[in-house]
Ligand SMILES: NC(=O)c1ccc[n+]([C@@H]2O[C@H](COP(=O)([O-])OP(=O)(O)OC[C@H]3O[C@@H](n4cnc5c(N)ncnc54)[C@H](O)[C@@H]3O)[C@@H](O)[C@H]2O)c1
């Protein structure tokens, strides 16, 4: 096995170009061998930026002996078939979030990778942010006591052009508008990160989910506003309010309430923490502003993927974890359609 993980990039669109390609280049443990996209110009421009080969054929990538693994960065409904095809060709897979659109697709991906003995890791990178890691440590150390409530909002204000060209217009496409191709709107597209991050930080799993959604301002099949109420397995309660048409925006807000304090997230590397306890590094009975050292969570994700494949370490965010996060999303959408709470078995 070579010392660097040799990667094929599948889907060279917005996030691949803007972020994932850089993470692969900046990780000491990964190198890009070839980029593939069905749109030739997209594949070509990616290859020019990242100084790699390009192709429009997935088969060609999977036939190469010098490709150990693929990073799949395509529309959500393609995550399952492409992961399964890659696994069957013996390639390890890092797949973009969400793992898939449905639990059946996620199960088939996990099964295919397990049968082929290849690593499946989901690129839920906000787990790697300094804020998430520090909040996890604080909660595990009992800094805010038992978690009793979790609230998060995403007040996104997406322009009409987002739905056909993302934030940069790099690729003209309609998959984000389509329920079948995307699986849904703001909840599966963006709040997937928040749901996953709070699962990771607190270790809590949702047991009951009730949700309402609608499409108020956007000419798309998916929701542009959703409100979700949750109960967690330790008895904690929670809610999520997400929108892609909150005019004026003002971004995300996540907050964890405990019996002895609170944690408020202020971006990727800053927390506000209140505790009534004596905790090293925090003021008891005061709010402490924790400014954390910034780091590139995309690079860390690549390092960890390489460690799983090359060193045989357990994958940090395996398919099963991506599936558990998806389960909350699927339950919320089911509840929106049925008008009833959905109970999760865990
Ligand atoms: N982890 C993050 O923070 C983050 C951020 C943004 C997007 N994403 C995820 O990344 C993925 C891609 O999103 P995007 O915003 O880059 O979308 P995009 O539309 O800009 O890029 C998708 C690319 O896939 C290509 N494609 C379509 N069909 C293909 C096929 N059969 N084979 C190969 N390529 C194909 C398209 O031509 C396009 O270039 C999605 O899963 C999205 O949710 C993740």
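The values are calculated or read from the model by the stated rules, or taken from the named source; none is laboratory data. Treat the numbers as computed from the prediction; the structure is a model and nothing was measured. Virtual Cβ from ideal backbone geometry, glycine too; neighbours counted across all protein chains shown.
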A careful count of residues in the range 97-132 that are farther than 23 Å from residue 344 by Cβ, more than 13 Å from the ligand (Cβ to nearest atom) and touching a helix residue (DSSP H, G or I) at 6+ places or on another chain (Cβ under 8 Å) gives 6
Looking at 208, 231, 250 in this structure, which one is without any contact (Cβ under 8 Å) to a residue 60 or more places away in the chain and out of contact with any helix residue (DSSP H, G or I) (no Cβ under 7 Å at 6 or more places or on another chain)?
231
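Residue under question is residue 94, and the condition is that it be assigned to a strand (DSSP E or B), under 18 Å from residue 306 (Cα atoms), within 14 Å of the ligand (Cβ to nearest atom) and touching a residue at least 12 places away in the same chain (Cβ under 8 Å); does it hold? Talk me through it step by step, then tell me what you get.
Values: assigned to a strand (DSSP E or B): yes; under 18 Å from residue 306 (Cα atoms): yes; within 14 Å of the ligand (Cβ to nearest atom): yes; touching a residue at least 12 places away in the same chain (Cβ under 8 Å): yes.
Criteria met by residue 94.
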Scanning the range 270-295 residue by residue, the ones that are buried (at least 16 other Cβ atoms within 10 Å of the Cβ) and under 20 Å from the mean Cα position of the chain (by Cα) total 1
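Does residue 179 qualify as being more than 10 Å from the ligand (Cβ to nearest atom), crowded, with 19+ Cβ neighbours inside 10 Å, modelled with pLDDT of 95 or more and farther than 20 Å from residue 124 by Cα?
Details: more than 10 Å from the ligand (Cβ to nearest atom): yes; crowded, with 19+ Cβ neighbours inside 10 Å: no; modelled with pLDDT of 95 or more: yes; farther than 20 Å from residue 124 by Cα: yes.
It is false that residue 179 is more than 10 Å from the ligand (Cβ to nearest atom), crowded, with 19+ Cβ neighbours inside 10 Å, modelled with pLDDT of 95 or more and farther than 20 Å from residue 124 by Cα.
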Might you let me know whether the range 150-163 holds any residue that is under 18 Å from the mean Cα position of the chain (by Cα), in contact (Cβ under 8 Å) with a residue 12 or more places away in the chain, within 11 Å of the ligand (Cβ to nearest atom) and over 12 Å from residue 244 (Cα atoms)?
no
Taking the stated definitions as given, is residue 35 crowded, with 21+ Cβ neighbours inside 10 Å, over 20 Å from the mean Cα position of the chain (by Cα) and within 15 Å of the ligand (Cβ to nearest atom)?
yes
Restricting attention to the range 105-133, the residues that are over 17 Å from residue 196 (Cβ atoms), in a helix (DSSP H, G or I) and in contact (Cβ under 8 Å) with a residue 60 or more places away in the chain number exactly 2
Sort out for me the strands (runs of 3 or more DSSP E) sitting completely within the range 207-263 that have 2 or more residues that are at pLDDT below 95.
251-258
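Before we move on, is residue 78 touching a residue at least 12 places away in the same chain (Cβ under 8 Å), near the ligand (Cβ under 7 Å from one of its atoms) and either within 18 Å of residue 109 (Cβ to Cβ) or crowded, with 17+ Cβ neighbours inside 10 Å (or both)?
On the way: touching a residue at least 12 places away in the same chain (Cβ under 8 Å): yes; near the ligand (Cβ under 7 Å from one of its atoms): yes; either within 18 Å of residue 109 (Cβ to Cβ) or crowded, with 17+ Cβ neighbours inside 10 Å (or both): yes.
Against the criterion (touching a residue at least 12 places away in the same chain (Cβ under 8 Å), near the ligand (Cβ under 7 Å from one of its atoms) and either within 18 Å of residue 109 (Cβ to Cβ) or crowded, with 17+ Cβ neighbours inside 10 Å (or both)), residue 78 qualifies.
Do you know which residues across the range 55-71 are within 14 Å of the ligand (Cβ to nearest atom) and buried (at least 22 other Cβ atoms within 10 Å of the Cβ)? Quick ask: steps written out before the conclusion?
First, the residues of the range 55-71 that are within 14 Å of the ligand (Cβ to nearest atom): 55-62, 70-71.
If the condition is that a residue be within 14 Å of the ligand (Cβ to nearest atom) and buried (at least 22 other Cβ atoms within 10 Å of the Cβ), then 58, 61, 70, 71 are the ones that fit.
Out of curiosity, is residue 226 buried (at least 24 other Cβ atoms within 10 Å of the Cβ), more than 13 Å from the ligand (Cβ to nearest atom), within 24 Å of residue 104 (Cβ to Cβ) and more than 17 Å from the chain's Cα centre (by Cα)? Outline the logic, then answer.
Working: buried (at least 24 other Cβ atoms within 10 Å of the Cβ): yes; more than 13 Å from the ligand (Cβ to nearest atom): yes; within 24 Å of residue 104 (Cβ to Cβ): yes; more than 17 Å from the chain's Cα centre (by Cα): yes.
So residue 226 fits the description; yes.
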